[in-house]
Structures are given as C-alpha cells and as structure tokens.
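Notes to accompany the following structure.
The values are calculated or read from the model by the stated rules, or taken from the named source; none is laboratory data. None of the values given here were measured: they were computed from a predicted structure. We place every Cβ from the backbone using ideal geometry, glycine too, and count neighbours over all the protein chains shown. Just the protein is used for accessible areas: all its heavy atoms, side chains included, with ligands, DNA and RNA removed. Shrake-Rupley method; radii C 1.70, N 1.55, O 1.52, S 1.80 Å.
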Amino acid sequence: MRMTRVHAVSLLFALTLLFGWSAATWGQTDLTGYWKFSVPNGGINFLEFKQTGDQIFVNGRSGMSQSPYGTLQGDKLHLEIPSPFGPPDPNRVTVYDAVVSGDRFSATKKTADGEIVAGTLERVAKEEAFPARLPLPVLRALPDNGLARTPPMGWNSWNKFHDKFDDATVRQMADAMVSSGMRDAGYTYIIVDEGWSSYRDKNGNITGNARFPDMKGLADYVHSKGLKIGIYSSPGPQVCGGYQGSYGHEEQDAKTFAAWGYDYLKYDWCSAFGIYQPTPADLEGAYQKMGEALAKTGRPIVYSLCEYGLGDVWTWGAKAGGNLWRTTFDIADTWESMERNGFSQLDISQYPESGHWNDPDMLEVGNGGMTGDEYRTHMSLWAMLRAPLIAGNDLREMSDETKSILMNTEVIAIDQDPAAKPVQILSVDGKSEVLVRPLEGNAVAVGLFNRGDEPAQISFRWDSLHLGAYLGGRTMTARDLWKHEAVPVTGDSFTATVPRHGVVLLRVEVGEFRFH
Ligand code: GLA
C-alpha cells in the first residue's frame, strides 16, 4: 500500500511520541554517556552528557543541568559549561567545540580565562568518569600537629599563573622571595598549586609531569633558600583543572609528598564532587582520610583544606587535622570579589584559633586588577581577620607599591599577633565599617574601612576601645600603619577621611605610666 503524505506524517508523529525527540529517532549521533577530554601532558576532564534532540545537557554543578549547556547540530558540537564553583557567573564558562566523529575526535576547550587548548574527546565507561565512592572514615579528633601557630605566610602559583608554570618558575619565585625581602618579612611557604602532576606510574605512584620532572629536586632547592614548600592534590581522582588527584591513593601520596620533602599540602575538593556528596559527613570523611595519612607519615606537613567553606568546615576542620581551611569560593582580582570574600568572614571570625585558621583565599595584591587603596584594604582586612597571607603575584616583578603592601611589617604583625583574638565590628554606618581586634598586651588594631564609592569621613571614640587608658594615669598612643607615623591621641575621638575602597589602619596601645 502506498503511504500517503498524511499517513507518513502521522507515523512520524507516533514514532516521535514513542521515542520522544531523542537523537536515536533520527539516526543522529547520540552523545549521551560519559566522555573524557584530555590534553597531551595536561589535564583530563570527565563529562557526562545527556542528549535530547540536538540539545546537550551536562552533569554540572548539582547533577544533570536543568537547561541544555549546548547543542549538537549536524556534526558540530558546541558547549558552554558554567563554572561549578562559586556563585553563577556568566563570565566563568568553559566552551568546548568539536566536529563529532564516532567515539573519539579532536576538540578544543576555551577556559574561562580565554585560553584555547586542543585535546581529544573520547567516550569512556561510567566507572572511569565517575569511579565508585570509597569508604570514608568518620571524623575523630586527630592530635594537633603543632604547626601554623600563626596564620601561614607564603606564595602560591595559582592566582597569577594558573597551570601555566614550571619548575624553573617556582625556583625563580623562591629566589625572588629571598631577594625581595619577603622571606625576611615572614613569608615562608612556596606552594605549587594545580598543574604539577601527571599520570601514575605502574606502581600507582603519583609523578610530576614534563614541566615538573623532579619534584624532590624542587623541594631541595626551595629548602636551600631557607624556605618551605607546598604541594596540591584532591580527594577526587583529578584536581580542578584535570591533573591527577589522590583518590584511592591517599596514603601512598601522603608518603610520596613526605619522601619528596614537602611541608604543606593544599587538598582541593574538585572532582570529589562527582564521587562523594558535599555533605558534612562526606566532606569530613574525605578530609579526615588525608589528615590521617599525613599524620602517619611522621613529617610535619601543614594541612590546608580547600572545599570552599562547604559543610561549615570551620566547625570541624581542626579535628580532621586541618591547619587552615578555605571559607569561601575562589577569589578573583577584583574589588567585588575581594570585598565579598573578606567581609563575609566577620560572621565566623570567632572560629580560628592558633594552629587552625579560616582562609578567605589567597592574596591578589600586585596582580593589577585593583587600585593601591583596594590592595591596602585587602591586606589590612586579611590581617584583621588573622587570615593566611599567601601572595599570589609574580614576585620577580613587583612595583614599589606592591612591595610596600606585601612587606608592610607593621600590618603583618597585626595578622601574626600571638594573642590571636577575633576581630569585632565596632560600628557600621552605611558603607563605613570600623573593625577592632585586641592584640597581645594592652593594645588593639583598629581598621576604618570605606567600602563606598566616594571618600568618607570615618570616626571612632577612643574610649570605645576599652583600653582603660585613663585608669591609673596611663597614656594612649596610636600609630598609622600605612603612613608609618604616630597619630595624636587628642579629644574624645579619632576621625579620618578614608578614600573610596580604602582603609586607615591603626595600632593603639596603652603606654607608660604618667606620674603627676
Ligand atoms: C580551585 C581552588 C583554587 C585553585 C584551583 C586550581 O578553584 O579553589 O584555589 O587551587 O582550584 O584549579
């Protein structure tokens, strides 16, 4: 029987109802499944796709995306995947493009920073993309490792270089840490972030990639400069950019890091998102596991937890052996990002204690995205918060202003004050905030922060500092820690004109007895 046009359309309609608008209906390629994007000597990203018609859904920030992240039109695949980290941000997307052909074909990936890398997209089994979860220990308090009595200070490669750096860059940073005077100002750790690791050898040992051929030699070099060295891994199989992580090899990697002579581990949740749940129990377990592995090595290794503040890490990070823990999503070199990360800490400022610190992320000072006033606010705020001071700029080429900010020893002394007491809000008036922090001895740090877009007059009353200066005939002295000069203590209060996004930071203390 000849099929009429009407019959054909009805049949098509019925088929469509039967199968849905699935790719299979049309004989078109169906990308549904698990895929690996790999770059030679670079990272690996695993992706899960669900294809409906020409639309591609991607396993993203919280399971399968609700809306498509791209299309397959003919053989042209185009994906725009938002960053799974931090608040949704249209500027932070990763774009994949490919001409699809079978189960293995060339593809390009454009990172959120605009860099385009060429790699291969290849279909893989589910177990390779998202391995089964491993049993995790329950949280139990590990003995304090005695490290990081004051907030750690150092340098980390990520903010400036992302994964575009090598052994020589790290050695040069160690040299510059010394020649610039930063080591003498207290900066100690040179931390190698994302981009050093390669695949595992036949015994399952993690190895450095071609840019990092001798991880032990690198540690020896950094030590020879009177500095300490840090390394980076993840409880997932990959770190965030796809390089090898420690999943299933936690003890083995801790031993390797110790044998190479590393003194600091930043342990970043990253691909653990695809294996464990970001619930308190899983987060605690995954970090406890590495905490135990590090303790077992017997080497003093600062343990830096990086899971963006999930599961209220400040309430349990110390138990898992953490010396510091990230409390925020990633900082960017902008006023908005720095302001958000920094001021959000005031709500949890009571948690850090000696050896265990809140970490609102690394410094951006010197990277060029903020003004001098904004960078002085950044440094002052981190000091008031008792935050780790981990520089993230190129130490080989620092302007005098950058040096004057990173090496302001009077501000560093506030950060490193042994009393380690929490910062408090003295007053908030619109965009003007006065923060105070009790210091060792009869002293306080006072920060007058102008978060507004216009210069502002900000004041506080001397007696609101509760220094008891007038009791027993003592005098009060004050010092401006950015101008490096004494401030007269006169009248009832102090007032300063603070530039937009700027700060005035004072150290106020009770001086000698005054005998009448
Ligand atoms: C995460 C971390 C960053 C950095 C990158 C590396 O985003 O929060 O500090 O380590 O991973 O990919």
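With the requirement that a residue be among the hydroxyl-bearing types (Ser, Thr, Tyr) and either free of Cβ contacts under 8 Å to residues at least 40 places away in the same chain or more than 11 Å from the ligand (Cβ to nearest atom) (or both), what does the stretch 238-276 give you? Spell out how you get there, then give the answer.
Of all residues in the stretch 238-276, those among the hydroxyl-bearing types (Ser, Thr, Tyr) come to 243, 246-247, 256, 262, 264, 267, 271, 276.
Once the filter is applied, which keeps residues that are among the hydroxyl-bearing types (Ser, Thr, Tyr) and either free of Cβ contacts under 8 Å to residues at least 40 places away in the same chain or more than 11 Å from the ligand (Cβ to nearest atom) (or both), the stretch 238-276 yields SER246, TYR247, THR256, TYR262, TYR264, TYR267, TYR276.
Is there a residue in the stretch 384-391 that is in a strand (DSSP E or B), of a type in the set (A, V, I, L, M, F, W, C) and open to solvent by 40 Å² or more (accessible area, probe 1.4 Å)? Steps first, answer last, please.
Initial filter on the stretch 384-391 (in a strand (DSSP E or B)): 389-391.
Then drop every residue that is not of a type in the set (A, V, I, L, M, F, W, C), which leaves 389-391.
Okay, now just the ones that are also open to solvent by 40 Å² or more (accessible area, probe 1.4 Å), so none.
Scanning the stretch 384-391, I find no residue that is in a strand (DSSP E or B), of a type in the set (A, V, I, L, M, F, W, C) and open to solvent by 40 Å² or more (accessible area, probe 1.4 Å), so the answer is no.
If you check SER459, SER432, which single one turns out to be modelled with pLDDT of 95 or more, over 32 Å from the mean Cα position of the chain (by Cα), surrounded by fewer than 19 Cβ atoms within 10 Å (Cβ to Cβ) and under 13 Å from VAL504 (Cβ atoms)?
On the way: SER432 fails: over 32 Å from the mean Cα position of the chain (by Cα).
Criteria check complete, one pass: SER459.
Inside the stretch 222-244, can you point out the residues that are hydrophobic (A, V, I, L, M, F, W, C), in a strand (DSSP E or B) and open to solvent by 10 Å² or more (accessible area, probe 1.4 Å)?
Step one: list which residues in the stretch 222-244 are hydrophobic (A, V, I, L, M, F, W, C), which gives 222, 227, 229, 231, 239-240.
Narrowing further to those that are in a strand (DSSP E or B): 229, 231.
Those that are hydrophobic (A, V, I, L, M, F, W, C), in a strand (DSSP E or B) and open to solvent by 10 Å² or more (accessible area, probe 1.4 Å): none in the stretch 222-244.
For the stretch 411-424, indicate whether the set of residues that are farther than 18 Å from VAL503 by Cβ, open to solvent by 60 Å² or more (accessible area, probe 1.4 Å) and in contact with a helix residue (DSSP H, G or I) (Cβ under 8 Å, 6 or more places away or on another chain) is non-empty.
No, the stretch 411-424 contains no residue that is farther than 18 Å from VAL503 by Cβ, open to solvent by 60 Å² or more (accessible area, probe 1.4 Å) and in contact with a helix residue (DSSP H, G or I) (Cβ under 8 Å, 6 or more places away or on another chain).
Could you please tell me which pairs satisfy a Cβ distance under 6 Å, a separation of 6+ or placement on different chains, a first residue in the stretch 153-170 that is among the basic types (Lys, Arg), and a second residue that is away from the ligand (no atom under 15 Å from the Cβ) and open to solvent by less than 30 Å² (accessible area, probe 1.4 Å)?
That search, which allows pairs on different chains as well, returns LYS160/ASP394.
Filter the stretch 462-475 for residues that are open to solvent by less than 20 Å² (accessible area, probe 1.4 Å) and part of a loop (DSSP other than H, G, I, E, B); which is nearest to GLY491 (Cα to Cα)?
That would be ALA469.
Return the only residue of ASP175, ASP201, ASP193 being over 28 Å from GLU292 (Cβ atoms) and among the charged types (D, E, K, R).
After applying the criteria, what remains is ASP175.
Among the residues of the stretch 432-451, count how many are farther than 23 Å from LEU363 by Cβ, assigned to a loop (DSSP other than H, G, I, E, B) and in contact with a strand residue (DSSP E or B) (Cβ under 8 Å, 6 or more places away or on another chain).
2
How many of the residues in the stretch 124-173 are part of a loop (DSSP other than H, G, I, E, B), over 26 Å from THR111 (Cβ atoms) and over 20 Å from the mean Cα position of the chain (by Cα)?
Taking the stretch 124-173 as the starting set, the residues that turn out to be part of a loop (DSSP other than H, G, I, E, B) are 125, 130-152, 157, 162-166.
Now narrow it down to the ones that are over 26 Å from THR111 (Cβ atoms): 125, 132-152.
Then keep just the ones that are over 20 Å from the mean Cα position of the chain (by Cα); that gives 125, 132-147, 149.
Here the count works out to 18.
Only one residue in VAL124, VAL117 is open to solvent by less than 50 Å² (accessible area, probe 1.4 Å), of a type outside the set (Lys, Arg), in contact with a Phe, Trp or Tyr (Cβ under 7 Å, 6 or more places away or on another chain) and in contact (Cβ under 8 Å) with a residue 40 or more places away in the chain. Which one? Show your work before the answer.
Numbers: VAL117 fails: in contact with a Phe, Trp or Tyr (Cβ under 7 Å, 6 or more places away or on another chain).
Checking each option against the conditions leaves just VAL124.
List, please: which pairs have Cβ atoms under 7 Å, are six or more places apart or on different chains, and start with a residue in the stretch 335-355 that is farther than 19 Å from THR150 by Cα and end with one that is part of a loop (DSSP other than H, G, I, E, B) and open to solvent by 50 Å² or more (accessible area, probe 1.4 Å)?
GLU339/ARG451
Do we find a residue being away from the ligand (no atom under 16 Å from the Cβ) and open to solvent by 60 Å² or more (accessible area, probe 1.4 Å) anywhere in the stretch 146-164? So that I can check it myself, show each step before the final result.
The initial filter retains those residues of the stretch 146-164 that are away from the ligand (no atom under 16 Å from the Cβ), namely 146-151, 153.
Retained after the next criterion (residues that are open to solvent by 60 Å² or more (accessible area, probe 1.4 Å)): 149.
Yes, the stretch 146-164 contains at least one residue that is away from the ligand (no atom under 16 Å from the Cβ) and open to solvent by 60 Å² or more (accessible area, probe 1.4 Å).
Kindly establish whether GLU364 is surrounded by fewer than 21 Cβ atoms within 10 Å (Cβ to Cβ) and within 30 Å of SER399 (Cα to Cα). Steps first, answer last, please.
Details: surrounded by fewer than 21 Cβ atoms within 10 Å (Cβ to Cβ): no; within 30 Å of SER399 (Cα to Cα): yes.
So GLU364 fails the test.
Of all residues in the stretch 191-221 being assigned to a strand (DSSP E or B) and of a type outside the set (S, T, N, Q), which is nearest to GLN252 (Cα to Cα)? Outline the logic, then answer.
The initial filter retains those residues of the stretch 191-221 that are assigned to a strand (DSSP E or B), namely 191, 197-200, 206-208.
From what's left, of a type outside the set (S, T, N, Q): 191, 199-200, 206, 208.
Values: ILE191: 20, TYR199: 14, ARG200: 11, ILE206: 8, GLY208: 15 Å.
It comes out as ILE206.
Which of the residues spanning the stretch 174-190 are closer than 11 Å to GLY226 by Cα, open to solvent by 10 Å² or more (accessible area, probe 1.4 Å) and not in a helix (DSSP H, G or I)?
Residues satisfying the conditions are THR188, TYR189.
Taking the residues in the stretch 392-410 that are open to solvent by less than 10 Å² (accessible area, probe 1.4 Å) and assigned to a loop (DSSP other than H, G, I, E, B) as candidates, determine which candidate is farthest from ALA174 (Cα to Cα).
For the stretch 392-410, the residue satisfying everything is ASN408.
Please go through the stretch 293-331 and give me each residue that is out of contact with any Lys or Arg (no Cβ under 9 Å at 6 or more places or on another chain), closer than 18 Å to PRO151 by Cα and surrounded by fewer than 19 Cβ atoms within 10 Å (Cβ to Cβ), ordered by number.
Residues satisfying the conditions are PRO300, THR315.
Go through the residues of the stretch 195-202 one by one and say whether even a single one is open to solvent by 40 Å² or more (accessible area, probe 1.4 Å), within 16 Å of the ligand (Cβ to nearest atom) and either in contact (Cβ under 8 Å) with a residue 24 or more places away in the chain or touching a Pro at 6+ places or on another chain (Cβ under 7 Å) (or both). I'd like the intermediate steps shown before the answer.
If we filter the stretch 195-202 for residues that are open to solvent by 40 Å² or more (accessible area, probe 1.4 Å), which is where we start, we get 199-202.
In the following step, the residues that additionally are within 16 Å of the ligand (Cβ to nearest atom) were identified as none.
Checked against the condition, which is being open to solvent by 40 Å² or more (accessible area, probe 1.4 Å), within 16 Å of the ligand (Cβ to nearest atom) and either in contact (Cβ under 8 Å) with a residue 24 or more places away in the chain or touching a Pro at 6+ places or on another chain (Cβ under 7 Å) (or both), the stretch 195-202 yields no hits at all.
For every residue, the table says whether it meets (1) in a strand (DSSP E or B); (2) open to solvent by 30 Å² or more (accessible area, probe 1.4 Å); (3) of a type in the set (D, E, K, R).
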residue	(1), (2), (3)
HIS78	yes, yes, no
PRO84	no, yes, no
PRO87	no, yes, no
PRO90	no, yes, no
GLY102	no, yes, no
ALA107	yes, no, no
